[in-house]
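Read through the structure below, which is laid out as structure tokens, and then see the notes.
The values are calculated or read from the model by the stated rules, or taken from the named source; none is laboratory data. It should be emphasised that the depicted structure is a prediction, and the values quoted were computed from it without experimental measurement. Using ideal geometry, Cβ is built from the backbone for each residue, glycine included, and neighbour counts are taken over all protein chains shown.
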Amino acid sequence: MESNADAPLAPALNPEALAYVIDHVFLPPKLPESDDTEASHERVLLQHVHSTLKAFQQLHHDVGGGVSDRLQGVARCILMVQRMISVRVDGALDAARLDKELKEMESGGMLLLSLT
């Protein structure tokens, strides 16, 4: 079984997915009237957050930054988002993947779950 974390991290966005990302990264001008959760859009959102954090981390290294406390925090966030991606299959939480991530998590590690 191929891991979701191995999938390309920043697929091209269609207009609907782009609107979803914008509405969930920035405050929307008006809150949705109903739940707008869609598994494919959630995955795209997480993938873009993950790739943006990695780009930020690389940019810091490229301009001569050392390993600072802030950069270590970014690395922890990258790992957390990667875990968030890996424990979901088609938008649903996968119990076996969640169990694996929890068993492999180091002390102080993070995994954010959205339970609805």
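Name the one entry in Ala12, Ala75 that is surrounded by fewer than 16 Cβ atoms within 10 Å (Cβ to Cβ), of a type in the set (A, V, I, L, M) and modelled with pLDDT of 85 or more. Checking each option against the conditions leaves just Ala75.
For region 74-116, a tally of residues being over 30 Å from His60 (Cβ atoms) and part of a strand (DSSP E or B) returns 3. When Pro32 is evaluated against the numbered criteria (1) at pLDDT 90 or above; (2) under 27 Å from Glu16 (Cβ atoms), which criterion, by number, is the only one it fails? That leaves (1) as the condition not met. In this structure, Val25 does not qualify as modelled with pLDDT of 80 or more, closer than 28 Å to Leu13 by Cα, among the aliphatic types (A, V, I, L, M) and under 16 Å from the mean Cα position of the chain (by Cα).
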